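Coordinate-derived values only; no laboratory data. Model, not experiment: these values are computed from the prediction. For neighbour counting, all protein chains shown are included, and Cβ atoms are generated from backbone atoms with ideal geometry for every residue, glycine included.
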Amino acid sequence: MNKVITDGLVLMPPPFSAGLNLWSREDGTPGSGSYASQPNAAFVPADQDFGGCLELQKTATTQKLRAYAETPMLPGMYLRVTARVKAVSGNLPSVRIAGWAGASNNSNVAGVPQTGPAVALTTYGTVVTVSAIIAVSNRSGVDMPWGTVPVYGHFGLDLTGSNGGVVRIDDLVIEDITEAFLRDLLPWVDVRDFGAKGDGVTNDAPAFVAADAYALANDVSVLVSKGTYLLNGHVTFSSRVDFEGKVVMPAQYRLACTRNYDLTTYEAAFDDEEEGFRRGLQVLFYFTDHVVFDLSGRRVLLKSPVDVAAVSGLDTLVQRRVLCNGMIEAGDSINWASTTSTSVATYTPGGNALLLTNVANVANIPVGARVSGTGVGREIYVWSKNVGAGTITLSRPLWGAAGTRTFTFTRYKYLLDFSGFAKLGRFEITDMEFQCNGRSSAVMLPPAGTGFRFADCMFNKPKDRGITSIGEGCQGMFVDQSQFLSNEQPMRVQDRTTIALNVNANDAKIRDNRIIRFAHFAIMGGSGNMFIGNHFFQGDDESAGVRRAGVVFTSTNVKSLFTGNYIDNCFIEWGNEHDPEPEYNSEYSFGGLTLTGNIFTCNDTSAAHSFFVMTPYGPGHFINGFTMNDNVFRTVNTNIDRVDKVDTTHATLDFSRFRNVVIESNAFNGVNQITQSPVTIQHDQNTAADTWVVDTGGFLPFGARARNLSALTMENAIRTAANVIDYSMPYGETEKGPGGRQINLRWPRALKGRVQATIRCDNPN
């Protein structure tokens with residue numbers, strides 16, 4: 001920085017050859033006495049050291065020399081006044097730079113230093129250079145700090161000491177030397193000052209390390225000035241760093257910016273937002289000063305999937321790390337296209353239920369591919385493969401694929417793909433938008449790990465999947481306060497293929513999310529799940545439209561609760577499609593599910609629509625522990641037959657073995673047949689009979705049997721045919737009539753009257 005160059009300031013006083021009338025023998029202000037025609041001053045045109053110069057005899061205690069010229073003083077500018085002097089004869093004086101500090105009202109600012117350090121002349125004929133630095137700033141190295149009140153100065157020098165001596169003085173020089181103070185003025189050091197070339201060829205890593213060490217010791221930051229810097233090794237900045245130039249470095253090396261660890265810094269460093277994102281994400285896994293990679297509210301446009309394990313160079317990490325505060329978007333690229341292959345393989349349910357053997361062309365089947373084919377349930381993925389053994393490990397078992405057959409393997413492409421890790425735990429993604437644009441899926445989880453967390457995220461228009469689990473990386477997963485917006489919203493329900501998320505392992509917490517018009521919201525393969533406060537709606541604009549499951553539980557004993565959700569134009573499905581031997585085999589059958597305080601609604605559906613559907617994939621199963629209470633069921637522009645049913649495509653339930661099934665305190669609107677168990681039936685026997693047939697009339701869930709008479713109350717008197725009051729008590733016979741849905745009350749004689757019979761579809765204990 002030089003104001004003479006940048007702003008055209010005139011700093012230099014006139015040369016002595018221009019006339020001594022331009023130089024004051026006092027303070028340099030207008031009207032002060034000049035050296036013109038003074039007997040002790042003369043211009044010497046040809047001195048052997050100076051050329052033209054002033055010869056001056058000291059005749060006053062302080063012999064002053066000041067330029068009448070007003071030199072401006074500006075904040076941030078540093079002036080150096082230099083004089084070259086030599087003694088000619090007589091007493092030897094001392095010399096110092098001096099000035100007169102002028103305020104804006106042309107008065108002297110007396111409170112500031114107006115003389116510099118003095119230098120004694122000790123010999124005749126020897127040229128001595130005297131200088132002083134004047135500035136607004138009071139920094140080290142400034143001889144005359146003036147502050148902001150003086151706005152100009154009259155500069156020159158003083159001769160002090162004994163009178164009588166004669167000196168010659170070269171033309172004074174006033175120059176802007178602000179550049180000399182830049183290191184102190186600006187809180188940074190340039191990597192070039194430490195040997196960086198910036199030519200893109202020389203390894204500048206050592207220079208970067210040296211600059212950082214200096215910056216850290218001196219509490220300043222590092223500037224990477226313009227250029228291209230090759231870093232052929234790891235570089236860690238422990239001080240703040242700013243990039244005007246860019247760096248290039250091999251993929252195996254890391255650039256760690258520990259004091260400004262954010263996307264803005266990495267985009268500037270690599271001069272590319274996508275590369276900056278990948279490099280910043282890489283560093284997230286390697287140092288503990290920061291556990292959060294902040295995208296600073298920025299959008300990153302990706303041209304290809306981010307293989308996070310490959311970027312990081314790790315395969316295992318179980319420490320909390322967070323990616324947050326931004327958007328990653330799928331750009332227009334062929335790199336998002338799914339790959340599909342078919343292969344013959346063998347599945348043996350009685351062996352390792354997750355193993356495909358004798359897999360043809362196993363090397364060509366990618367980890368993370370979705371498996372489809374006859375007898376394959378929803379959301380089955382390739383967890384891992386062994387090329388040498390010709391085997392594939394699946395994410396979940398296959399319910400009906402025993403033997404050798406052809407399978408299809410489809411590998412979706414994801415914005416963030418964690419499938420390359422062996423294990424990754426406690427990774428969090430918060431306040432992020434995944435803008436898939438119908439081109440890509442959003443996130444593939446690692447094969448193993450615990451506590452993956454999504455919070456306050458937006459999954460926008462995934463092409464195939466929102467969140468995919470290919471193994472047990474979903475163990476203890478959190479999905480909180482996020483939105484999933486389908487790319488298939490205009491389509492009919494039955495034509496959609498996208499799924500918001502799937503879970504294979506246990507203990508997922510799915511809370512306060514909003515999900516719009518997917519084929520399914522969630523395919524849940526594990527147990528111990530919590531669904532709380534979610535709103536998922538999956539209808540379309542067709543009249544009497546088809547509806548599909550919103551949430552699908554794929555195992556029998558799910559040990560899960562479903563509380564405070566809004567189930568809109570879809571239903572909950574409970575089956576066992578991930579059971580390798582789906583028939584009942586002395587195992588836990590369907591149980592452990594609680595539905596409490598939910599809102600179920602639908603509009604413009606067919607009467608056959610139900611809100612809760614049981615889908616057994618093999619015979620012999622029953623319900624052992626199911627509660628559905630305090631829910632609201634409502635239809636709009638339609639009436640449905642009932643809220644519950646069994647899908648008997650593969651098998652039905654064994655109603656004779658129901659236990660602990662409680663359905664009560666629900667509200668039904670637009671439902672032709674309410675569901676309740678235990679249910680209290682009012683039976684009026686108008687004609688005297690010794691057997692009263694009490695019909696549950698469709699109240700019991702799933703068309704279940706009347707297995708238990710838990711209470712019986714006579715209302716008013718029981719009478720004989722002759723209208724005589726009778727005090728007899730009946731006994732009950734359960735599971736009578738068509739489908740075992742009736743109770744027979746046996747009396748000792750023919751009687752008539754009214755009873756309230758409480759009937760259950762189960763044994764309560």
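The table below lists the values:
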read-out: Spatially proximal aspartates and glutamates relative to residue 64 (Cα-Cα < 14 Å; intrachain offsets below 8 disregarded); value: 26, 27, 55, 158
read-out: 5 angstrom amide H check on residue 339, placed H, neighbours 5+ away; value: 411
read-out: For the range 317-322, 3J(HN,Hα) per residue [Karplus equation, 6.51 cos²θ - 1.76 cosθ + 1.60, θ = phi - 60°, Hz, x = Gly/Pro]; value: 7, 10, 9, 4, 9, 9
read-out: Whole-number percent relative contact order across the chain, with pairs defined as alpha carbons under 8 Å at least 6 apart; value: 6
read-out: Nonlocal amide H pairs with residue 189, under 5 Å, H built at 1.01 Å; value: 221, 222, 223
read-out: Nearby lysines by direct alpha-carbon distance to residue 197 (threshold 29 angstrom, same-chain neighbours under 8 apart not counted); value: 3, 226, 246
read-out: Whichever lysines have a C-alpha closer than 23 Å to that of residue 413, once near sequence neighbours (fewer than 8 apart) are set aside; value: 303, 385, 423, 461, 463
read-out: Rg(Cα) / (2.2 N^0.38 Å) computed for the range 679-760, rounded to two decimals; value: 1.06
read-out: Per residue convex hull volume, Cα atoms of the range 1-156, in Å³; value: 128
read-out: q = 0.10, 0.15 Å⁻¹: log10 I(q)/I(0) that the Debye formula gives for the range 565-695, counting C-alpha atoms only; value: -0.39, -0.81
read-out: Exposed trypsin sites (Lys or Arg not before Pro) absent - longest run of the chain, DSSP non-H/G/I/E/B, at most 13 other C-beta within 10 Å; value: 493-765
read-out: Nonlocal amide H pairs with residue 676, under 5 Å, H built at 1.01 Å; value: 700
read-out: Antiparallel content of DSSP bridges confined to the chain, in %, to 5; value: 45
read-out: The range 3-183: relative contact order as a whole-number percent, Cα under 8 Å and 6+ apart; value: 31
read-out: Coil-residue GluC sites (Glu not before Pro) of the range 436-544, DSSP, other Cβ within 10 Å capped at 14; value: 542
read-out: Estimated translational D of the chain in µm²/s (Stokes, Kirkwood radius over Cα pairs; 20 °C; 1.002 mPa s); value: 64
read-out: Angle between the chain longest axis and helix 205-218 axis [Cα atoms, degrees, rounded to 10]; value: 80
read-out: Per-residue HN-Hα couplings for the range 447-458 [Karplus 6.51, -1.76, 1.60; θ = phi - 60°; Hz; x = Gly/Pro]; value: x, 8, x, 10, x, 4, 9, 10, 9, 6, 10, 10
